[in-house]
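Coordinate-derived values only; no laboratory data. Worth saying up front: this structure is predicted, and the values here are computed from it rather than measured. Glycine gets a Cβ as well: all are built from the backbone with ideal geometry, and neighbour counts include every protein chain shown.
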Amino acid sequence: MDQLLLVPEVFNFDDDFIALQFGERIVSKRINALLSRSRRIVVSRSEDRFDDDHSVLLRIRASPSSFLLRLMNSVDLPLANGMQDLCELSGLVRDFYRERFTRELESNGVPSEALLAWWITEMLPDDATVFVSNSMPIRDLDFFGIDSKRLKVHSNRGANGIDGIISSALGFMIAQGRPVTVVIGDMAMLHDLGALHEVQELKKKTLKPPAAGDTKGEPGLTIIVVNNGGGGIFNFLPVAKHEEFLTEFFQTNHTVSFADCAKNFNLRYSCATGTADLKSWGLDPPKELFRMLEVKCKSLNKNVEEHAQLQKHLVEFLQK
């Protein structure tokens, strides 16, 4: 939906339309801008009241899934033509990304962060569990990931966004009792390197590697580190116009070797510096319980340019 909002004509609704929202605060600025013109009915388990633009008409405290079941059993709701159009447009967006990213994958160049997000959701089997870090990884997976896959996606907002991601994923893995793939940026990984000690301790316990293709088997952790040199999200923010401050105070460039980190904690490690390396990897649960896959992506400035170009070309494609 976020991609479709790049084209204003797609959601050419009159102001004051009714919107039914499930769950609490929505992060997307584009979706929030659209909903601010609506009269909203919010269905959520939470007692918290998030209504920054005072557009909530009615709040129903209930489980969204239970509410939908009751609604479907009580009301005949045919699929509106507009909704059918949106489904078809979403399919066009998927086709657009598939064509673009397949071409990039075959180029054997340095992978972009957008390609990596698409590739991860393309390669993971249905019903796989993904734990996504904040900052760029969660934005890219939301924007470029394949939405037709049945993936179980989780995250932890954290106190500062990128703290404790590996620790959270480990706890989630143990609680769920199934293999988990973590997608994490380099800075978030550095913030929680100490959690790899707990990985080392877990390896000593009697955990069995999952069988090939078993997404519901024994616990295991695949850590995909997106290494863009540190602090890549700030290049998308207004501070990027002030290069003297951006470099010194925000980008937090580093020279840490994740290969050495993996070696110190006895983790199997692989590194992709080109798309050919990505093509040689698989994301089915590995024979080892724990592994680290590092992807060295394009430069920060190049990343911003490619995101802008992708959005521009997508808008042109949808407007045809």
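A few comments on the model shown:
- In this structure, the residue pairs whose Cα-Cα separation is over 24 Å, taken from K152/K205; K263/K296; K203/K296; K241/K312; K279/K302; K205/K263, are K152/K205; K203/K296.
- With the highest mean first, a sort of the peptides 127-139, 162-174 on other beta-carbon atoms found within 10 angstrom per residue produces 127-139, 162-174.
- Ranking of C271, C87 by count of other Cβ atoms within 10 Å, fewest first: C87, C271
- Candidates L293, F236, C87 compared by Cα position along the dipole of the chain: farthest toward the positive end lies L293, with charges placed on Cβ.
- All aspartates and glutamates inside 17 Å of K320 as judged from Cα atoms, apart from same-chain residues fewer than 8 positions distant: E9, D85, E88, D95, E99
- Listed peptides 248-255, 101-108, 112-119 by packing density, highest first (mean Cβ within 10 Å): 112-119, 101-108, 248-255
- Förster radius 35 Å - calculated FRET efficiency between R98 and T247 (Cβ-Cβ, nearest 0.05): 0.45
- Full extension of the segment from D76 to A276, taken as 0.36 nm per residue of separation minus the current Cα-Cα distance, would add 66.9 nm.
- By the count of other C-beta atoms within 10 Å, a proxy for reagent exposure, D192, D147, D126 are ordered fewest to most as D126, D147, D192.
- In the set (i) 65, 26, 14; (ii) 34, 25, 21; (iii) 42, 26, 16, the label that goes with semi-axes √(5λ) of the Cα gyration tensor in Å computed for this structure is (ii).
- Low-density loop cleavage sites - trypsin sites (Lys or Arg not before Pro) in region 248-305, where at most 12 other Cβ are within 10 Å (DSSP): K287
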